[in-house]
């Protein structure tokens, strides 16, 4: 929510660092953080490159391309690069804030945390969150198996030998999941639990700091304490309110609590 309410890179950076601290301290041992960080770094680089190529606004021109070049012709400005970097920072912060849903919580915990009317939605969300890592594991396994059989990348068409088995495996896994849910009577009656879910102290702390931070930023936005930032026409440092920074730092509090496992 904080990332959406303002494009100020200072607040986005604090939220990103807070989310990263929570992931490092609380993520499950069977999850890997490096692929997520690599993907977000690539997304940030792409965002910066696109902004540099397409936006020619700003006072500080670093390179001038011939005007006859379609789309990218013109001045490559420092302001456009910084704007793209700020947009990439927002993407990374938003992704890391959502990452605990799949890297800290188990799928069943996510479903059980939802009220009964949202049970079906939670089940769909949990299945979707499990789909991406499952496809990743399948892709690695298929690539290794094909490499042992002598496969080598020889252009775009050669990857069909990897993509086709991965797609078929994903479809087979989806069918098996549907059959397992049907065998367990999914949808035949109200939801039942083997044991009621219990809120831990860390769960309560996470809820409190999230609500506090969101309320503080929302109030700051209404009162004019949280200002948007634009690097155009000339680059300038974003204005920062100390109280709003503290509100964002609160999001890192769950990383300081003791793990339950």
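Just so you know, all these numbers are worked out from the coordinates, no wet-lab data involved. Everything numeric in this text was worked out from a predicted model, so none of it was measured.
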Hey, what's the per residue convex hull volume over the C-alpha atoms of region 114-183, in cubic angstrom?
-> 90
Stretched fully, the stretch from residue 29 through residue 246 gains (0.36 nm per residue minus C-alpha distance, one decimal, in nm) 75.1 nm
Share (percent) of C-alpha pair distances in the chain greater than 34 Å works out to 38
Extension gain (nm, one decimal) between residue 108 and residue 156, 0.36 nm per residue minus Cα-Cα | 13.4 nm
Say we join alpha carbon atoms closer than 10 Å with springs in a Gaussian network model of the chain; which of 130, 202, 173 then has the biggest fluctuation?
-> 173
